[in-house]
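All remarks here apply to the structure that follows.
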Amino acid sequence: MAQGYLTFHDGGETRSLSTDRLEEVFRDFLERYGAQSFLGEDFFHVIDGPDRFDVLLDRCGCSSEEFFADVASQLESSSHLDAKQVVVGGVGIPGRALLPILEELIPGDDLILIKHVEQYELQANVQVPEHERVDLQRVIDTYPVRLSRHTIRQARISRDVGYQYMPFVEELDPTGLKNTWVGQFHQGVLEQMYQNRPIFVLHMSCPVYCRFCFRKHKDCRNQNAPTIEDVQQAIEHIGRSPRIKEIVLTGGEPLLNRKTLTCAVEGLQQIDHIQTIRIASRCISYYPQLFTRDNRFWMNYLTGKNRELQKRNKRIEIATHFIHPDEISHYSLEIISELVKSGIGVYTQTPFLKGCNDSGEELVQLYRELRGAGSEIHYVYIPCSPIQGNKVYWTPLSEGHRAASYLRAHLSDRAMPILCTATKVGKIDWNTSGWAVEPDREDPAYLWIRTPYTNEYFREFVPSYVMQDAREHRDGSIYTRFMADAGDHRLFLGHFDMGEHPEVELNMADLRDLQVKALEDQRIGQQIAESGIPGVWRIHETRVELDVDQISSLDDAVGYIMSDRHITDVLLTAAGDIINSLPRTTTYIQAVSGIPHVNAVRLRSLLLTYEPQRWDDALVEIISDCSRLRAVDPLRIEVETQFIHSTEFSASHRDVIARCSSRGITVYANLLLLSDLNDHQEEMKRICYLARQIGIELFTLYVGGMPLQLFWNSSR
């Protein structure tokens, strides 16, 4: 190594790099992102000091040149096949901290289409065994392999990233299907499986090809991208279909085709009945540079366009995928936070992969961090799609249920995903809209799943609908055949007749009495363990509820929360309403904001439901000033409210939600099931539709146990 320089061998190239440049980049990174929330408690304690890099060098017992030479040597010799922690002087360096160094060692943001085994070896820094070379070439010839420089760098330090994107010979295993679902209706580039939303395919390829993707066999990867004319024809069809309320712009990767995506958004903006434009993009994790390249074109376009759409009571949402915490970079968290602060909802979906995120622990860390940055957590798909070539990723259904139980115990309720399976006729949410019925009697590789769909449901928008791999139950619901291993026979719940529950005429006097009762005392006051502090209720491993009017010592409350790193959420309540105690509320928010493991403060306000005019610009500004949506040490502010009947929704709620979302504040609502008031399908559908229309996140449906339910249901 020459003085001030080091050499790095990668991909057949030898690069000479200035250690001064590496030091400059790494110092800047540690100053910006060297927080406990991002780099972990152990490493943070190593670097904690006035100059983090100098402290690190002292702990490692080496000079700057020696540090980078050691790091480069270890990164040069590693790959996703044997990725292990980089250790310098006995100090383990987190993978996220190595990313800025790798950006200097392996520069560029280009996309690489792999066509040959030799090319793959050079780009991924692997040595393919001689006995696998022929088969791996067959894999590359059969399924495209494309990698971004970002994923190549991340895979260098994470086996769990490489596991998702790098080709492997087991992909030749023919077990599985070529397609797991097909939209019931096709209109050019539109595919529709649900009455109110189609997917709008705007591009045919992706920046990076996930090896487990359910579109693995789609011929569209080899097709030309849709034209502007194709997009315009689809928009004309949507304009003639008032039942459609939401559009999912997808692909492939829709952000790769600027012309078709902007054309689609501009056209959909003009259609009155379109409320939500969802853009499905995994680039936040595997190609974040796409959001910021070309002078931040996509960030500027999306945030600016969303402001225009909000004036028409419409909105943009981003649906993205994260699978393992090693995928999280400072780039991805900053993108999420910026989008959410501009009023664009971001929600995460997660395929459940054997040997990657199936223990539950990985998902706890993943969802905690993503939620802190502002993302909603949507689906976790169990099992991974049973597509040919990805059997190594499959788990039994029971493993997904086991992991969900782990998440329920160790993860904030606001970060809990919906446990979902994507069947051939549509998604089912386990044990709510669907369940396992029985093993298939003819083929043990299959089982039958009950879905919430009916023949009538599909024939309303597909008159020619014909069931495939499905059967109709006597209650009208469709049972579908699905390739999966149950793993535990206790999952089979058998057949149920759901029965009918007639709608009861609303008694407005009763509803008003309930509303008054709800406002009398908004505290729940339940707990799983005594905190020993009046007004501090421990309601979950991850959550405490604080009564801001009852606690006599703020220091005691903060000390209790500080002492337990499992606590990520603080829920602030008051008997009357939290906004009636606003000065004290903001004091409590500021007090807990300094606790490293707390990334969310939730404010319970039923006045948002019953007196929405109280949530004016001044109030929202005061609350939003307490928020810190960012990559490191985030503090997310959420507002919890409650609805019990569809007549409670008004245009004023839409204004409040717009104020909050434009400042990065999420408003979510709980529903209470109340006998003879809302406990029938049509009323619940109305509530859900109206909440979605005005932008409220529906959260928990309580079927019993809440104080208002005890008051109301006990005599009915």
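The values are calculated or read from the model by the stated rules, or taken from the named source; none is laboratory data. Remember, predicted model here, so these are calculated numbers, not experimental data. Quick reminder, even Gly has a Cβ in these numbers, built from the backbone with ideal geometry, and neighbours come from all protein chains shown. To get the accessible areas, we keep the full protein, side chains included, count just its heavy atoms, and leave off ligands, DNA and RNA. Shrake-Rupley method; radii C 1.70, N 1.55, O 1.52, S 1.80 Å.
No other residue among ASP160, ASP173 is within 27 Å of SER332 (Cα to Cα) and open to solvent by 10 Å² or more (accessible area, probe 1.4 Å) apart from ASP160.
Taking segment 616-716 as the region of interest, the strands (runs of 3 or more DSSP E) fully inside it that hold 2 or more residues being touching a Lys or Arg at 6+ places or on another chain (Cβ under 7 Å) are 636-643.
Quick check: anything in segment 627-642 surrounded by fewer than 17 Cβ atoms within 10 Å (Cβ to Cβ) and touching a helix residue (DSSP H, G or I) at 6+ places or on another chain (Cβ under 7 Å)? No, that holds for no residue. Which count do you get for residues in segment 409-444 that are in contact with a strand residue (DSSP E or B) (Cβ under 9 Å, 6 or more places away or on another chain) and open to solvent by 10 Å² or more (accessible area, probe 1.4 Å)? So the count comes out to 20.
Hey, can you tell me all the residues within segment 56-112 that are charged (D, E, K, R) and either under 19 Å from THR7 (Cα atoms) or part of a loop (DSSP other than H, G, I, E, B) (or both)? Listed by number, the residues that qualify are GLU65, GLU66, ASP70, GLU76, ASP82, LYS84, GLU103, GLU104, ASP109, ASP110. Looking across segment 447-477, just one residue is buried (at least 17 other Cβ atoms within 10 Å of the Cβ), in contact with an Asp or Glu (Cβ under 9 Å, 6 or more places away or on another chain) and either closer than 24 Å to ARG215 by Cβ or small (Gly, Ala, Ser) (or both), and that is LEU447. At least 3 residues being free of Cβ contacts under 8 Å to residues at least 12 places away in the same chain and under 28 Å from LEU102 (Cα atoms) is the threshold, and among the helices (runs of 4 or more DSSP H) wholly inside segment 236-348 those reaching it are 289-310. Scanning segment 427-444 for residues that are under 18 Å from HIS473 (Cβ atoms), assigned to a loop (DSSP other than H, G, I, E, B) and not small (Gly, Ala, Ser) gives ASN431, THR432, ASP440, ARG441. Scanning segment 263-285 for residues that are among the β-branched types (Val, Ile, Thr) and either touching a Phe, Trp or Tyr at 6+ places or on another chain (Cβ under 7 Å) or open to solvent by less than 10 Å² (accessible area, probe 1.4 Å) (or both) gives VAL265, ILE274, THR276, ILE277, ILE279, ILE284. Within segment 324-337, is even one residue farther than 28 Å from GLU171 by Cα and acidic (Asp, Glu)? Scanning segment 324-337 turns up at least one residue that is farther than 28 Å from GLU171 by Cα and acidic (Asp, Glu).
Restricting attention to segment 137-148, the residues that are at pLDDT 95 or above and either more than 30 Å from LEU366 (Cβ to Cβ) or under 23 Å from the mean Cα position of the chain (by Cα) (or both) total 4.
Filtering ALA557, ALA575, ALA518 for residues that are of a type in the set (Gly, Ala, Ser), closer than 26 Å to TRP712 by Cα and not in a loop (DSSP other than H, G, I, E, B) leaves a single hit, ALA518.
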